[in-house]
Structures are given as C-alpha cells and as structure tokens.
Amino acid sequence: MSLTKGLHIHEARKHLDAGDFTAEELTRQTLQAISEKDPLINSYITVAEESAMADARLADEKIRKGEAGALTGIPLGLKDLILTRGIRTTCASRMLENFDPPYSGTVAEKLKDAGAVITGKLNLDEFAMGSSSETSWFGPVKNPWNLSHIPGGSSGGSAAAVAAGLCLGSLGTDTGGSIRQPAAHCGVVGLKPSYGRVSRYGVVAFASSLDQVGPMARSVEDCAILLQAIAGHDPKDSTSVNVPVPDYYSLLSKDLKGLTIGLPVEYHGAEGVHPEIRSAIGEAVRVLEASGAKTVEVRLPHMAYAVAAYYVVASSEASTNLARFDGIRYGYRTPEAASLLELYEKSRSEGFGEEVRRRILVGTYALSSGYYDAYYNKALKVRALIAKDFTDAFAGCDLIAAPVTPAPAFALGEVADDPLTMYLADIFTISANLAGIPGMSVPCGFSAKGLPMGLQLLGKPFDEATLLKAAYAYEKEAAWDRGLADPAAGEKS
Amino acid sequence: MHVAGLARLHMDEGDVERMATQLGTILAYVDTLKEVDTEGVAPMSHAVHLVNAMREDTVGEHLGVDIGLSGTEEKEDGHFLVPKIVG
C-alpha cells in the first residue's frame, strides 16, 4: 500500500493514531517519493533524510504514549528561507549556499514542538523575489501537472512538493502573492494570514511590512490544522499581534447562510483576464451562493495602482533588508578583494542573482535623496488609499471573492526576461499584502491544457476563520481534488 | 552607476545598459502613481498600528561568540576579519 498516495494530514493523523502505519513508515515512503519524483520538478533544495527519520522515531514514541497532537508524525516541508538549525538555509541564493543558521525560526520550532517531521527545505525564487520560482540559484521548479510550465512563485517548491505528494503540507511566505499564486498554479490550498498573525522571527526578511508566513496543503482542513500550529503572538517578533487565536478546525462549516461575499467590479471586470479563469471564478461564485452565501458588488477604486505601489514599497524594504549581506559575517564572500568597499561590492554582486540586484537598485533609487517623496512616500500614500478601499468594502460584506491570477501558469522561460510582465502576474494578490488582510487560494478547476486554477478569498484583518469556513464549504461542494499530480505523466505527454 | 554605488553593487558596462533599460520600464510604470490624488492622505508604512514593544532590560538567551562567528572562515580571536582599512 502506498501511504503517501493522496493522503491528507487529517487522514494521516487517524491512521497514525490507529496504528495502521507508523510515522517512520510514512516518512520513509515520503522520502522515497522525493527521491523518485523530485528530480523531475526540483521542489527541494535540501532533503533532510537523517533528521526526518529521527523526527519520525520521536513522533512514534509520542504516539505510542498517547501524547500525539494534530501534527505528530506528519511529514512537512519548509520554504528555504525559514531558518532551521542543523539544516542549511539558502534562500535559493548563492549568497547563502552553505549557510547553517545559528538558530531556528519560531514557526519551525512550533512545528517541531508539535511533533512534525521536517522532510527538508523547499525551492523558491531567490530571496522570495519572483512569481515563477525560476530565479533560484539551484535551478527552476517545474509545475508537477505539466513540466513545461512554471509552478508559480515565490513559494513554488512549497506548492509543487505538496501537489506531487512529496510532503503532506508545507509552509510558504507571501509578500505579494507568493503563497496564493503558486497554490493556484499547482492546485493546492494556500493561506496568507493577516499581517501580524504569525511570527516571522527567524524568517529571512524580504519586505518587512508585507511578509507573512502561511500554510500550504491539499485541503482546507489541513490548512486550518497548520495555521493553528503556527499562529499566535511571539515575544521575539514585535510585529506579531497579541490577539486570541480561534480554534480554526472546529469553525469549519458547509453552511454559509448569513455570509455576504463581495465581488469587486475592478477584479471581475478586469481586462486581460483569461476566459477560462473568468468562467471558473464565475462558477465558483455560484457554488458559494448555492452553499447559502449572498453576493454583492463592491468597489476597490485604487486597485489599478496596487502593483506600482507594491514595487516601490517592497523594493525599498528589500534594499534595506538585504544591506545586511556584506560578505563578512556570514554568507558568500568574494575570494579576492583589495579593500573593504571592494569586498562589499564584489561579494554582493557575485552572491546575489539578477532579479535580487534589480530590486535592490529600484529600492535604493526610490529611497535616495531627492526621490524619496516622489516614489517611496507617494507609494505609502497610495497604499493607505488601497487599505481604505478594503475597509470600505468590508463595511458591506464579510469576505471578497476574486481570481488569484489573471491566467493559468505560463510556460517556463516565457516571461523570464520581462520583469514588468512578471510583476503584473501578481495583480490580484498584491493588494492584500499592502492592506495587511488575510487571503486564501482554493483550487477551482483545471484549464483545457490541464493546468490548475485558483479562487481567491480575501477577509477582514484577523478573520482567517471566515476565510477557512467559506473555502471549506466551497471545496466540499465543488470537489476539485484530483489526487496527486504525477510529474512522470507530465514528462510523457 | 551612482545608485549601484549606494547599494554597494558592482556593475560592468553590459549590466549597466541592460539594468538601465529595465529600470526605465519599471519606473515609467511606477510613475502611474502620480495620477492618484493623495492630497491630505497620511503615508501608511505598516498594516497594523503598533506601539513600542517594551520589555525589562535584562539579559536573555543569546548566541555565544562561537555560534556568532560560525558563518565565516575569516575570523581571529573572537573577531570578524576584514581587509585593512587604515594605512
């Protein structure tokens, strides 16, 4: 029996507790699946075989003693910008190719404390800067449903590994859509929590006012379980907010009576949306209505400016955050430098890839003397208007439904040399990060070419529970689960 | 080139030309922000209103010198080594 064949976290829990198989068996089969299938999709940067087996043995002991929690013995992967002591953390960059972090991130510690088995570190766009997972120093990730297409990004490895069954769930990070967009392209569920819901201590920073860590899995239930494990205030992250964390799993319900869903005219009427996406979203909205939800039109008048505001804010923050990579304390150091300045410049230029350098330059320019007001400050004001649009819209609805992406996944290399077109792929996801609200991507069908598509749900700040509830009702009603993606089948076609 | 210097990035001629073209396209797109009337709008640097997170000024857990220096080979007597900066 193949244990990993389409198994969900909540199902694995029952089997592990009933003694149908052990965590060791489950982990061994997951590692086996990685060694067979990952060469085709490149979703892992590092497979932590030894420590995963040690995690599994510990988990089996807990299970035997009846001390198992929801994640005890569950094989999970982490996006490779979450620090893990003992497992190298690369950010998919030459800069950190051999970096063994001095401590672990809070989310990694929390999963470990919950008894999870950490299978390894998942591939991404370098320093999470990208929408296709093509800029990794360790090579691009491929979409497990069709190997000639991108898996989305930047959490492309986290999405692809889950879709192909190379872990049962994963953590990604989302700065402008980096959980939701790859989730949509790989046909998995992904949740970007509200800004402040999850600790970012020990998560390498890209844009500190936008970044959030969140779960990716093959069902809404599994996402609820994972969010439960990582949510909550952390004294080590002063931006994590001290508000109660509800019991997400128990709040899932198929009945959406009393719920009002807003449909933004700016999204649903947007030009350039692929007809297959448009019809899939229309159908998804009908399913939500059939589950009891009421729909209303809402307006988000400043959405057309979200991508521009985002690229100023995100690049500015990135240029500041990445200033820490100096070639001296950790990370790549150029072998030859005559002066300290040359050491900085050569280490950074040789260690960072092209997209990272491009964003550092944009951010440095936007923050430089004489341009600060015209770019950075202006972008922050537009950001305030975008956030207010959501506040106004949520006065008349409980959540918002929209597409995740304008089109199904593009082909590998298709827009790799065109940064602006790549940025515009995030047009529907970016505004949630600017406003700090939670967002979710739920599979809502396959294109004629067999590529997955995603429905996006956006919620009020700290109201992940309503998002999960609506996503759960939709998932149960629409039943889009086609099981695991089989990269080997994609290779043949 | 000036911006690259500020960002401590080294760029050769080819880099400069390619990057300048791409940055030009990106900045032209960003210029659409100028269409938005932001008169009287307060800049929003953060999504949640935070007050300073204060704690007692006591020594907590911290990395030792060895772990702190573990990310580099270039070290001596508990210090990071850099190229000579004064003559």
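The values are calculated or read from the model by the stated rules, or taken from the named source; none is laboratory data. From a predicted model like this one, the values you see are computed outputs, not experimental measurements. Here the Cβ positions follow ideal geometry from the backbone for every residue, glycine too, while neighbour counts run over all protein chains shown. Please note that ligands, DNA and RNA were not included when accessible areas were found on the heavy atoms of the full protein model with its side chains. Shrake-Rupley method; radii C 1.70, N 1.55, O 1.52, S 1.80 Å.
Of the beta bridges in the protein assembly as shown, as assigned by DSSP with both residues counted there, near 70 percent are antiparallel. Among the GluC sites (Glu not before Pro) within chain B, which fall in a DSSP loop and have no more than 14 other Cβ atoms within 10 Å of their own Cβ? Here the GluC sites (Glu not before Pro) that fit, given the DSSP loop and packing criteria, are B:Glu39, B:Glu56, B:Glu61, B:Glu73. Counting only other chain Cβ atoms within 10 Å of each residue's Cβ, the peptide B:8-14 averages 6.
For segment A:321-390, taking the reciprocal of the average inverse distance between every pair of different Cα atoms yields a Kirkwood hydrodynamic radius of 14.2 Å. Would you jot down the residues in segment A:83-105 that end up with at least 50 Å² less accessible area in the complete protein assembly than in the chain alone, with a 1.4 Å probe? In segment A:83-105, residues shielded by partner chains: A:Pro102. Considering only C-alpha atoms, what is the centroid distance from segment A:119-162 to segment A:50-86, in Å? Segment A:119-162 and segment A:50-86 have Cα centres separated by 24 Å.
Taking every Cα-Cα distance in segment B:1-49 and sorting them into 5 Å bins from zero, the calculated P(r) comes out as 5, 15, 15, 16, 14, 14, 13, 7, 2 percent. Beyond 23 Å between alpha-carbons counts as too far, so tell me which of A:Lys381/A:Lys469; A:Lys5/A:Lys37; A:Lys14/A:Lys112; A:Lys257/A:Lys476 fall in that bin. Listed pairs above 23 Å: A:Lys381/A:Lys469.
What's the longest uninterrupted piece of chain A once you rule out the GluC sites (Glu not before Pro) that are loop residues per DSSP with at most 11 other Cβ within 10 Å?
Values: sites that count: A:Glu67, A:Glu271, A:Glu336.
The answer is A:68-270.
Averaging over all projection directions, the Cα-based convex hull of segment A:9-252 occupies 11.8 nm² in the image plane. Taking the 1.4 Å solvent-accessible surface of segment A:403-458 as the whole, the part contributed by carbon and sulfur is 59%.
Accessible surface area normalised per residue over the protein assembly as shown is 39 Å², counting heavy atoms of protein chains with a 1.4 Å rolling probe.
Interface residues of segment A:304-341, defined as those with an accessible-area decrease of at least 40 Å² between the chain by itself and the complete set of protein chains (probe 1.4 Å), are A:Tyr305, A:Ala308, A:Ile328, A:Arg329, A:Arg333, A:Leu340.
When only alpha carbons of the protein assembly as shown are considered, Rg and Dmax amount to 22.9, 77 Å.
Hey, how many Å between the Cα centroid of segment A:298-348 and the Cα centroid of segment A:448-493? Spelled out, the Cα-based centre of one part sits 33 Å from the other. With the whole protein complex present, B:Thr32 retains an accessible surface near 40 Å², based on a 1.4 Å probe.
How much mean residue ellipticity at 222 nm does chain A get from its helices, if each DSSP H run of length 4 or more adds -39500 (n - 2.57) and you divide by all residues, to the nearest 500 deg cm²/dmol?
Values: 17 runs with 191 residues, N = 493.
About -12000 deg cm²/dmol.
When the inverse distances between all different Cα atoms of segment A:4-70 are averaged and flipped, the Kirkwood radius reads 12.8 angstrom.
Calculate what fraction, in whole %, of the accessible area of segment A:9-252 sits on carbon and sulfur atoms when a 1.4 Å probe is rolled over the protein chains.
Details: 3400 of 6820 Å².
Carbon and sulfur together cover 50 percent of it.
If you sort B:Ser70, A:Ser136 by accessible surface, 1.4 Å probe, largest first, the order is B:Ser70, A:Ser136. Between helix B:13-30 and chain B there is an angle of about 60 degrees, using the helix long axis and the longest principal axis of the Cα atoms.
Within segment A:374-398, the residues that become at least 20 Å² less accessible when every protein chain is included than when their own chain is isolated (1.4 Å probe; DNA, RNA and ligands ignored) are A:Tyr375, A:Lys378, A:Leu380, A:Lys381, A:Val382, A:Arg383, A:Ala384, A:Leu385. With the cut-off at 1.5 for a/c, could you classify chain B from its C-alpha gyration tensor as rounded, prolate or oblate? Because a/c hits 1.5 or more and a/b fails to exceed b/c, chain B counts as oblate.
On association of chains B and A, roughly 4700 Å² of accessible area becomes buried (total for both chains; probe 1.4 Å).
Of the solvent-accessible surface of chain B, computed with a 1.4 Å probe over protein heavy atoms with every protein chain present, carbon and sulfur atoms account for 54 percent.
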